[in-house]
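Below is a structure I'd like to ask you about.
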Amino acid sequence: MPASEHEAQPQPYGLPGISGGPSIRDLLAACAAADAVSTPPRDPEPVFRPQETGRRDAA
C-alpha cells in the first residue's frame, strides 16, 4: 500500500502502539474527575447527643 493511502486511512483512537491516543494515566484522571463532579456531596454526619431521661444516676 502506498504511503499516501495509508496516511488517508483513519486510525483507531487510543490503541496501544498507536501514537496520539490518551495514556492510561490520562484516562484514569478523566474518570476520577468525572466521578468527582458527578457525585453529589455527602450528607453531614449526625451529631450524637445522649437522650436526657430526666433522672440522674446515683453518685
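Residues that are polar (S, T, N, Q) and modelled with pLDDT of 90 or more: does segment 26-38 have at least one?
Going residue by residue through segment 26-38, those that are polar (S, T, N, Q) are 38.
Narrowing the set further to residues that are modelled with pLDDT of 90 or more leaves 38.
Yes.
List every residue pair whose Cβ atoms lie under 9 Å apart, where the two residues are 6 or more positions apart in sequence or sit on different chains, the first residue falls within segment 24-46 and is assigned to a helix (DSSP H, G or I), and the second residue, located anywhere, is modelled with pLDDT under 95.
As it stands, the answer is LEU27/GLY14; ALA30/PRO22, since those pairs meet every condition given.
The values are calculated or read from the model by the stated rules, or taken from the named source; none is laboratory data. Keep in mind that this is a model prediction, so the values were computed, not measured. Cβ: placed from backbone, ideal geometry, glycine included. Neighbour counts: every protein chain shown.
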